[in-house]
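Input: a single structure, listed below in structure tokens.
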Amino acid sequence: MLVLGIESSCDETGAAVVRSDGTVLSDVVQSQVDLHARYGGVVPELASRDHARNIDPVVREALARANVGLDDLDGIAVTNRPGLVGALLVGVQFAKGIAWSRGLPLVGVDHLVGHLLAVFLRRPADEDAPRPEFPFVALLASGGHTSIYQVDGPTADACRELGGTRDDAAGEAFDKVAKLLGLGYPGGPVIDRLAAIGDASRFPQKAPMASVRSLEFSFSGIKSRMARHVADHGRPKDEAEIAALCASFQRAVTDVLAKKLVQAAEMNGVSRVVLGGGVAANRELRERVKTLANARGIDSFVPPLASCTDNAAMIAYAGAARLGRGDRDGWDLTATSQTSL
Ligand code: KG4
Ligand code: ZN
């Protein structure tokens, strides 16, 4: 089965053609980062307008790169939740238009399910990498969500939340701390880069809720402590100090994320852990999860960077799973800010 996936939930317009076995034939992501950068975060109205401008060329490009026409497709999958409703609607309406005009089946996909299944995508660079079997326990850490799920199968009804953040998402904390340090938006990649050259022991940070045996997270406290540091000492100017602050923040956050993911798997008697979401692109988190899981005899599966951050290939794959079991959505498919998980 060949599925066209469409993604427009936040600040990337994406389209991808994916086979139901996960093979990615094309994956086009048009980022709006430059558009929102000067506001320090995503401006919903600007996002919707930019999706409306870009969706047609992005979909055309995805079909061209995959060397397929609309008539070669077996279905259309589109992110319809959660996200900015105005942004989601652009993708949903576009997907309905194509599906209706070509008589193709249409399914809405929960963006979070896309992230949880992104580990199954097969890109040229990781075609032969092992894939997990079900069940697995996954950490989904992005700009809007940070939760641990048990995943028993490839659809939303087989994903169960085991614990999540009480306040900020991990990616949101990265973005806020970067803003505080004058590093721009999005914060994750910059902090990741600077942390690699920083001395994490210079301003040690306690990992938030690390000692609590629940699977909940909290990232607002560490963000406030970083803000207090900047208020007390002024915004650091010298690069070594900025890098040290980034390193200690990242150490604390990745430490608790990795520990609780492995702890969740052990508590639930599951022997596989998976990473997903934009924060899963973080080098330290990837390393920590691999090391910690390995030490506990748990298999870890960490997708390549392109599968971690927002993309339409993961939506196409999750859509293929729904289409494969006969699911269909009607022309009344709506966009909503709430996840189905
Ligand atoms: O999954 P994603 O692309 O979009 C959402 O669904 O939110 O995640 C975006 C988030 C942003 O907060 C960004 O700062 C963070 O992922 N991020 C990272 C890294 N790359 C992206 N956080 C930490 N380290 C990174 N290397
Ligand atoms: Zn996402």
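What follows is calculated from the coordinates using simple rules that are stated; it is not laboratory data. Being a predicted model, the structure only gives us computed values, none of them experimental. Note that we place each Cβ from the backbone using ideal geometry, even for glycine, and neighbour counts take in every protein chain shown.
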Original post:
DSSP loop trypsin sites (Lys or Arg not before Pro) in the stretch 258-341 with at most 11 other Cβ atoms within 10 Å of their Cβ, which ones?
Top reply: R325
Original post:
What stretch of the chain, leaving out the sites themselves, is the longest with no GluC sites (Glu not before Pro) in a DSSP loop having at most 13 other Cβ atoms within 10 Å?
Top reply: 134-341
**OP:** Take the Cα coordinates of the stretch 29-81, assign each an equal point scatterer, and use the Debye formula without solvent to give log10 I(q)/I(0) at q = 0.13, 0.14, 0.30 Å⁻¹.
**Re:** -0.44, -0.50, -1.21
Original post:
Give me the log10 of I(q) over I(0) for the stretch 211-341 at q = 0.09, 0.10 Å⁻¹, as the Debye formula computes it from C-alpha points; what are the numbers?
Top reply: -0.41, -0.50
Original post:
Which order results if S307, S31 are arranged by neighbouring Cβ count within 10 Å, fewest first?
Top reply: S31, S307
Subject >> Where chymotrypsin sites (Phe, Trp or Tyr not before Pro) fall in DSSP loop in the stretch 236-341, at most 13 other Cβ within 10 Å >> reply: W331
Subject >> Contour minus Cα-Cα distance for A129 and K237 (0.36 nm per residue) >> reply: 34.6 nm
Original post:
When the distances between all Cα atoms of the chain are binned every 10 Å from zero, what whole-number percent does each bin get?
Top reply: 6, 27, 33, 24, 9, 2, 0
**OP:** Would you compute the Debye intensity of the stretch 128-188 from its alpha-carbon atoms alone, equal scatterers and no solvent, and pass along log10 I(q)/I(0) at q = 0.13, 0.14, 0.29 Å⁻¹ to two decimals?
**Re:** -0.48, -0.53, -1.09
Subject >> Per-selection metrics, the stretch 134-303 (Cα): Rg and Dmax in Å >> reply: 15.8, 50
Original post:
How are the C-alpha pair distances of the stretch 1-148 spread across 5 Å bins, as whole percents from the shortest bin up?
Top reply: 2, 9, 18, 21, 21, 16, 9, 4, 0
Original post:
Among L106, L275, which comes first, then next, by fewest other beta-carbon atoms within 10 Å?
Top reply: L106, L275
